Amino acid sequence: MSAICERTDVLVIGTGFGGAIPAYNLAAGGAKVIMLERGPELGAADFTQSLEIGGYTRIVDLIQGNGIQVVAGNCVGGSSVVYFAASLRAPSFVFERRGSAGRRLWPSGLTRSALDPWYDRVEATIPVAQQSWDDVPYAGGVWAAACANAGHTCNPVPLAVDLEHCTNCNWMLNGCRFDAKRSMLLNYLPAARAHGAQVRPLHEVQSIAKSLTPGYRYRVDYTVVDASDYRIPAGAGSIEAKVVIVAAGTMGTPVILKRSGLGLGSVPSAVGKYFSPNGDRVSMAVLDEGAVGNVLGLERAPGTAYEAFPIGKPIGSMSYDYLDPARPEFERFGLQQIYFPAITNLLPEDGTPAAPDWYGVDKKLLSQRWRSWLTLLAMTEDDNEGQWGVLPPTGNFLRVASSAVVSSLTYQPNANTRRGFAASDAALRSIIEKDGIGKHLDWVGGQPVLSAHPLASCRLGDDPATSALGPDHQLRGHAGLFVTDGSAVPTSLTVNPSLTIAALAERASPGIARFARSLGLDVAASVPPPGG
Amino acid sequence: MIPTLSRRRLLQTAAAAVAVLPLVTPDSAYAGTSIQRDTLEAFADTVVPGAKRFAGDRIVAGATAGPGAVDAGAWLLYNDPDVGLAVAIPGLVAAINAEAAAYALTHRTLLDVRVPPFVALDFDARTAVVGQLLRGSGVVQLLWYAVAAMAMLAFHTAGHLDTAAAVRAGHPGLAWLGFPLPDPDGIWRFPDFSYRQELAALHPLTTNTGNPA
């Protein structure tokens, strides 16, 4: 690295879906690409099957905001390394959402059918597998059977998983030690590296400023963080680039951009506003094993109906019944079976009316039935109510311990969002409690909202007042500065967002390449997909 | 509910009382292991209660049968360098005992001064004190949630131990949950994982890629 300032054609901040995909496309097109990642680089041999603190906490951040807690990845590959691999296209009605703004929130022309070719490309590249019923684990099976018992349909969920090699071990949060989960580590990132892209882990970007060097538009300042304690700086540097792609994740991108206001002159006022937790609403059921056997007719072993909560892939099945465009906005939601590891066992209520709600004797008794638990995720239509407050002095948040971080994000669901929560709660309860299959329980032991799907903190749109990005993912007023991660997604999606984030990043890539060409760089605007 | 001002005064009084506790109960007279450990273990026992470990156990209240957070290793997790709470333990313990002393004052409860005020309370009173601490707001509330969470994590995840080693050694919390054993090589795999039958009709508008329309 130059002692003064390193230079590159394209600098990408972040290595998750939003970073790896444009990095591949631009590197394959001929650009010199450097990627900066604030987390460490780990691979299958490093991923543990353990809940020991100091292991998974190296690559997962639990972010505490005001009224919300968010789970996000912190490693090369970003959240694709720690996510649960559900790979779903957003329903058509999502792209027509208006929210309380009363007008279409997605850019004109950006519809499901317009995005379908990009979904196709991502699905083929990752690749995404369709589960058959033989692939759906017990928990997904019992959820499907409960849906059918209540008169609902239920589908196996498409997954970014090599189903042949998956051992159904249920340790996806820790990263997949079998390389069966098809994270960015197995497709876009190696393909980008094969075309010369450099990946630099433990590089935490602090800010972006205008460059004074002719031909280079931006200077990105970073801190190198200590591999064993991310709170300790181990160096610093700057890189000048002709094009910058910010993909530090929904929780990181707005902080970097807001901190860059001085160096860039200004940033759009919509940066760090209109955050969406994807309408995530987590709850659970504790099942009556007798009813699962007698009513649903399930038996996984002689005399055992279920007792299989920790077995399998985390996400098995989902009901699309409430993804009905005829239903009113805020009352459409996906209902998904999902396994949450025991690190979240603090959160469920104990199921009794007496205080305390989530700890004490009754909670311990509930946990004795842990193998009969079934955790459930409703993905609803929220109203983009979140926004950031005061910036941390460095980085994306205030890091208290290895994975414990505090953000100034505030999220207070309004009446519209709460209406969706209530409707999804009622739907789940009606399915779970029909014929005494189980008891539906809320998650009350933490902040009011828990999201693994943060979105929309720097979103696309046509209205400059409410969207920091234009329809081409370019930060308004800053040519050559693009945002391609979850923060660009305008609204909640009612499904897991990774495939949509990836498809949008694919869709954005040719435009970024064309911009690079306008600067005189010899970059192909269209390249075949990795391996294609 | 007592007025805020008098409550603050009570807490100040209680904090002062707690501060002099080591003076009136010199090491030779102290009935427990240490004020810090006993207080935090009693807190953990309030979050995940267990049976008394021996006759006369003052730390574990014995509110229910079976193991609790103390048996599960909560004290080790509070001091785990990767958790990062150790530096805050003296302050946390002082605050817990100040809250406990204030509770005792407002409920006309006589405390046994040979143990920290929180340890001297019965289980229901401890539960009320923990609830009061958790009712705060902002970063302070997050800190108390972290203290409660460590008790949960000790019991539900053996967060201070490698999970395979812990479950094989019969860690009391993991055993209580019925956490499955790994294969002999210490790795979890579940070859039997599915009912392998169609259990619901697919949504009629499902696309050929398995997605909602």
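Residues to consider are A:Asp280, A:Asp324, A:Asp357, A:Asp350; find the one that is surrounded by fewer than 20 Cβ atoms within 10 Å (Cβ to Cβ), closer than 30 Å to B:Gly159 by Cα and either within 30 Å of the chain's Cα centre (by Cα) or without any contact (Cβ under 8 Å) to a residue 40 or more places away in the chain (or both). Explain how you work it out, then say what you get.
Numbers: A:Asp280 fails: surrounded by fewer than 20 Cβ atoms within 10 Å (Cβ to Cβ); A:Asp324 fails: closer than 30 Å to B:Gly159 by Cα; A:Asp350 fails: surrounded by fewer than 20 Cβ atoms within 10 Å (Cβ to Cβ).
Result of the check over A:Asp280, A:Asp324, A:Asp357, A:Asp350: A:Asp357.
Looking at segment A:339-374, which of its residues are at positive phi and at the interface with chain B (Cβ under 7 Å from one of its Cβ atoms)?
Residues of segment A:339-374 at positive phi: A:351, A:360.
Matches in segment A:339-374: A:Gly360 only.
For segment A:172-183, residues that are in a loop (DSSP other than H, G, I, E, B) and open to solvent by less than 20 Å² (accessible area, probe 1.4 Å) total 3. Among residues that are farther than 19 Å from A:Gly54 by Cα, facing another protein chain (nearest Cβ under 8 Å) and either surrounded by fewer than 15 Cβ atoms within 10 Å (Cβ to Cβ) or over 19 Å from the mean Cα position of the chain (by Cα) (or both), B:Pro204 is included. Selection of segment A:27-59 for residues being β-branched (Val, Ile, Thr) and open to solvent by less than 10 Å² (accessible area, probe 1.4 Å) yields A:Val33, A:Ile34, A:Thr57, A:Ile59.
Each row is one residue, and each column tells you yes or no for (1) modelled with pLDDT under 95; (2) exposed (fewer than 14 other Cβ atoms within 10 Å of the Cβ).
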position	(1), (2)
B:Ile2	yes, yes
B:Ala15	yes, no
B:Thr33	yes, yes
B:Gln36	no, no
B:Thr64	no, no
B:Ala72	no, no
B:Leu76	no, no
B:Val87	yes, yes
B:Asn97	no, no
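Given the structure, is A:Val224 among the β-branched types (Val, Ile, Thr) and within 27 Å of A:Ala27 (Cα to Cα)? When the stated conditions are applied, A:Val224 passes them.
Filtering segment A:271-330 down to residues that are charged (D, E, K, R) and assigned to a strand (DSSP E or B), which residue is nearest to A:Lys181 (Cα to Cα)?
Of everything passing the filter in segment A:271-330, A:Asp280 is nearest to A:Lys181 (Cα to Cα).
Any chance segment A:30-42 includes a residue that's over 20 Å from A:Ala248 (Cα atoms) and out of contact with any Ser or Thr (no Cβ under 9 Å at 6 or more places or on another chain)? Looking for residues that are over 20 Å from A:Ala248 (Cα atoms) and out of contact with any Ser or Thr (no Cβ under 9 Å at 6 or more places or on another chain), one finds at least one in segment A:30-42, hence yes. With the requirement that a residue be within 20 Å of A:Tyr222 (Cβ to Cβ) and open to solvent by 60 Å² or more (accessible area, probe 1.4 Å), what does segment A:392-411 give you? Scanning segment A:392-411 gives A:Pro393, A:Thr394, A:Leu398.
Residues being aromatic (Phe, Trp, Tyr) and away from chain B (no Cβ under 12 Å): count how many of those fall in segment A:287-337.
Just the residues of segment A:287-337 that are aromatic (Phe, Trp, Tyr), to begin with: A:306, A:309, A:320, A:322, A:330, A:333.
Keeping just the survivors that are away from chain B (no Cβ under 12 Å) gives A:330.
Residues flagged as aromatic (Phe, Trp, Tyr) and away from chain B (no Cβ under 12 Å) within segment A:287-337 amount to 1.
Among the residues making up segment A:102-147, those that are over 23 Å from A:Gly16 (Cα atoms), open to solvent by 10 Å² or more (accessible area, probe 1.4 Å), within 12 Å of another protein chain (Cβ to nearest Cβ) and part of a loop (DSSP other than H, G, I, E, B) are A:Gln131, A:Ser132, A:Trp133, A:Asp134, A:Asp135.
I'd like to verify a number: residues in segment A:492-513 that are open to solvent by less than 10 Å² (accessible area, probe 1.4 Å) and within 30 Å of A:Lys210 (Cα to Cα), how many? Residues meeting the conditions: 9.
Return yes or no: is A:Pro91 modelled with pLDDT of 95 or more, more than 20 Å from A:Ser457 (Cα to Cα) and away from every other protein chain (no Cβ under 14 Å)? Reasoning before the result, please.
Numbers: modelled with pLDDT of 95 or more: yes; more than 20 Å from A:Ser457 (Cα to Cα): yes; away from every other protein chain (no Cβ under 14 Å): no.
In short, no.
Of the numbered criteria (1) within 7 Å of another protein chain (Cβ to nearest Cβ); (2) touching a residue at least 24 places away in the same chain (Cβ under 8 Å); (3) open to solvent by 40 Å² or more (accessible area, probe 1.4 Å), the one B:Leu153 fails is (3).
Tally the residues that are open to solvent by less than 10 Å² (accessible area, probe 1.4 Å) and polar (S, T, N, Q), restricting the search to segment A:156-171. Let's see the steps before the verdict.
Step one: list which residues in segment A:156-171 are open to solvent by less than 10 Å² (accessible area, probe 1.4 Å), which gives A:157-161, A:168.
Pick out the ones that are also polar (S, T, N, Q) and you get A:168.
Residues meeting the conditions: 1.
Among the numbered conditions (1) modelled with pLDDT under 95; (2) crowded, with 23+ Cβ neighbours inside 10 Å, the only one that B:His171 does not meet is (1).
The values are calculated or read from the model by the stated rules, or taken from the named source; none is laboratory data. Everything quoted here is computed from the prediction, not taken from an experiment. Virtual Cβ from ideal backbone geometry, glycine too; neighbours counted across all protein chains shown. Protein only, heavy atoms only, side chains kept; ligands, DNA and RNA dropped before computing areas. Shrake-Rupley method; radii C 1.70, N 1.55, O 1.52, S 1.80 Å.
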